[in-house]
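Written out below as structure tokens is the structure these notes cover.
The values are calculated or read from the model by the stated rules, or taken from the named source; none is laboratory data. Computed from a predicted model, the values in this text were never measured in an experiment. Counting neighbours? That spans all protein chains shown, and the Cβs are built from the backbone with ideal geometry, glycine included. The accessibility values were calculated without ligands, DNA or RNA, using every heavy atom of the protein model including side chains. Shrake-Rupley method; radii C 1.70, N 1.55, O 1.52, S 1.80 Å.
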Amino acid sequence: MSKTIAIEPLTRIEGHLKVETQVENSRVTNAFISGQMFRGFEKFLENRHPIDAARIAQRVCGVCHEVHGVASVLALEELYSKPSPKNGHILRDMILGLHLITDHFLHFYTLCIPDFIDFTQILNYTGNDTEINSLKSWVSSTKPAFVLKRNAGNYITHTPTALNIMANYFKALKIRSKGAAGIAIIGAKAPFSHAVLPGGITTDITPDKLMYYHNVLEEVRQFTVNCYIPDVMTVAKHFKDYFNIGVSHGNFYANKTFTALGKPVFEGGVFLNGRTEPFSMANVKEFVDNSFYDSNGNPNPKKKGAYSWVKAPRYKGEPVEVGPLARVIISDTPYFKNLMKTLNAPVKSSTMARHVARAAESRVLLDHMYGLLDAYRIGDPTINQVDFSKKVSGKGTGLSLAARGDLIHQVEASGGKITRYNMIVPSTWNFSPAANGKRGVVEQSLVGTPVAYGEDAIEVGRVIRSYDPCTACSVH
């Protein structure tokens, strides 16, 4: 028997997303992902001074703000032909790295863990742990919905395991707050780093600021190694079937990133049709087959047959998955492969592989960030001054990354004014509608997903959230 299950809005994500699935014999046979609004950032950047993009682009999202700032200034640096000095590059990597790791904490614990852990087990606790008893008292008195109300589904119900991860859920919130302070000490503000500008970083970096950042990094490292990675591995071992659920087309794209120390932490390239090849911007095209835009990219909310405000970027006409999994696969990251070997899991697109990839990426980035601290030189310049009075004309492209995938910012200017600004962001790649005859990445991932627990379709939510969706970004 065939039926349609629609979830609108899908909660515990950034932005407004609708998913509609067709289900037969308790499995998804087709899926439609819909971004539910139009925001127009690219349009209202037109006719502005190019430097405005460094500020405005960060406002695309309340979660992945600094990453848009970095991508924007990289595009502007190409436009003005004024790259950052080494110290400025190091500081940008420090901001990005700390942002990515703490964003992974937010994704795993705050957004995804309620799909896997039975938080109500805290009501069964009878031990003497002060922290857990404090949480139990809080739950009993405030009755928070995210603890006591949950969708039908299979959860980890082993009380010690559930309570340990629940305790880390709250620790992650505190660590993420400290991570924001570490970003602010370098970027002058968090969210929305005002020190990130074309040519480098404007912050006056002193030894005490570097020591503060180092102390934050130490706390982040301790949590990553002692809590986050073990918790990901625990969930992965309990839900091994999700290494074969949520499988996309099998194509991946990543940018070469974190290059301040010379060798990139992540290599760039495209894994397409079973082999890796260099990335070329010439092979990227945004389709609008089922998007609310006309052929010129102008909004058309009444377009017949369209169902999403997200465009459909394709590489050589093919949908490609972006994100930490794409990065570790294209870079052939040994630590990720070792974790997957420990789990006896296949290295391929899947729901659980995405979680493991984020954990692996966090550990690899920590090593890079300690190296950045060692490489920074007090007294050397952090920025090359750009003449913003220049009536610049030309083009610039910035290739960077966010926690949820890789992104592209493009700027064109004439006479000192922006004539075109374009962003192709991670959730545009992953959450695009069908185009050029093929489903979008997440739409394809949903096909074959079991739906065994009724209309709430917890399995569908698990697959979608594994991509860390940011619909706010995708409908920029």
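Just one residue in the set K136, K149 is out of contact with any helix residue (DSSP H, G or I) (no Cβ under 6 Å at 6 or more places or on another chain) and basic (K, R); that residue is K149.
Return the residues of segment 281-296 that are under 19 Å from V411 (Cα atoms) and not β-branched (V, I, T); say none if nothing qualifies. So that I can check it myself, show each step before the final result.
To start, the set of residues in segment 281-296 that are under 19 Å from V411 (Cα atoms) comprises 281-286, 296.
Result: M281, A282, N283, K285, E286, N296.
Between A180, A162, A167, the distinction of being in contact with a Ser or Thr (Cβ under 8 Å, 6 or more places away or on another chain), open to solvent by less than 70 Å² (accessible area, probe 1.4 Å) and aliphatic (A, V, I, L, M) belongs to A180 only.
Would you check which residues across segment 204-215 are surrounded by 22 or more Cβ atoms within 10 Å (Cβ to Cβ) and not aromatic (F, W, Y) and list them? I205, the sole residue that qualifies. Taking segment 71-152 and the helices (runs of 4 or more DSSP H) fully enclosed by it, the elements with 1 or more residues that are among the hydroxyl-bearing types (S, T, Y) are at 86-105, 130-142.
Out of the residues in segment 404-424 that are outside any strand (DSSP E or B) and either surrounded by fewer than 16 Cβ atoms within 10 Å (Cβ to Cβ) or modelled with pLDDT under 95 (or both), state the one that is nearest to the chain's Cα centre (by Cα). Of everything passing the filter in segment 404-424, G416 is nearest to the chain's Cα centre (by Cα).
Applying the set (1) surrounded by 14 or more Cβ atoms within 10 Å (Cβ to Cβ); (2) under 30 Å from R358 (Cα atoms); (3) free of Cβ contacts under 8 Å to residues at least 60 places away in the same chain to L401 leaves exactly one unmet item: (3). Among the conditions (1) under 27 Å from K189 (Cβ atoms); (2) open to solvent by 10 Å² or more (accessible area, probe 1.4 Å), the only one that E20 does not satisfy is (1).
Can you tell me which residue among T234, T259 is closer than 30 Å to I185 by Cβ and either in a helix (DSSP H, G or I) or at pLDDT 95 or above (or both)? Even if it seems obvious, please write down each step before you answer.
On the way: T234 fails: closer than 30 Å to I185 by Cβ.
Criteria check complete, one pass: T259.
Output the residues belonging to segment 433-448 that are part of a loop (DSSP other than H, G, I, E, B) and either without any contact (Cβ under 8 Å) to a residue 40 or more places away in the chain or buried (at least 24 other Cβ atoms within 10 Å of the Cβ) (or both). Result: P433, G437, G440.
Note on segment 83-104: among residues that are open to solvent by less than 10 Å² (accessible area, probe 1.4 Å) and of a type in the set (G, A, S), the one that is nearest to E66 (Cα to Cα) is G97.
Considering segment 248-269, the residues that are over 18 Å from the mean Cα position of the chain (by Cα) and more than 26 Å from G371 (Cβ to Cβ) include one that is most open to solvent (accessible area, probe 1.4 Å), namely H249.
Within segment 237-246, the set of residues being touching a residue at least 60 places away in the same chain (Cβ under 8 Å) and either in a helix (DSSP H, G or I) or of a type outside the set (F, W, Y) (or both) comprises K237, H238, K240, Y242, F243, N244, I245, G246.
For segment 105-141, filtered to residues that are modelled with pLDDT of 95 or more, of a type in the set (A, V, I, L, M, F, W, C) and open to solvent by 10 Å² or more (accessible area, probe 1.4 Å), the residue that is farthest from the chain's Cα centre (by Cα) is L111. For beta carbons closer than 8 Å, sequence separation of 6+ or different chains, a first residue in segment 450-476 that is more than 22 Å from A152 (Cα to Cα) and a second that is among the acidic types (D, E) and open to solvent by 10 Å² or more (accessible area, probe 1.4 Å), the qualifying pairs are P469/E14; C470/E14; T471/E14; A472/E14; C473/E14; H476/E42. Read through the list (1) open to solvent by 30 Å² or more (accessible area, probe 1.4 Å); (2) farther than 18 Å from E46 by Cβ, then give the number of the only condition that K391 fails. Condition not satisfied by K391: (2). Of note, I185 satisfies the criterion of being in contact with a Lys or Arg (Cβ under 6 Å, 6 or more places away or on another chain), surrounded by 18 or more Cβ atoms within 10 Å (Cβ to Cβ) and either assigned to a helix (DSSP H, G or I) or acidic (D, E) (or both). Considering only residues that are of a type outside the set (K, R) and more than 24 Å from the chain's Cα centre (by Cα), which ones fall in segment 192-213? The answer is G199, T202, T203, D204, I205, T206, P207, D208, L210, M211, Y212.
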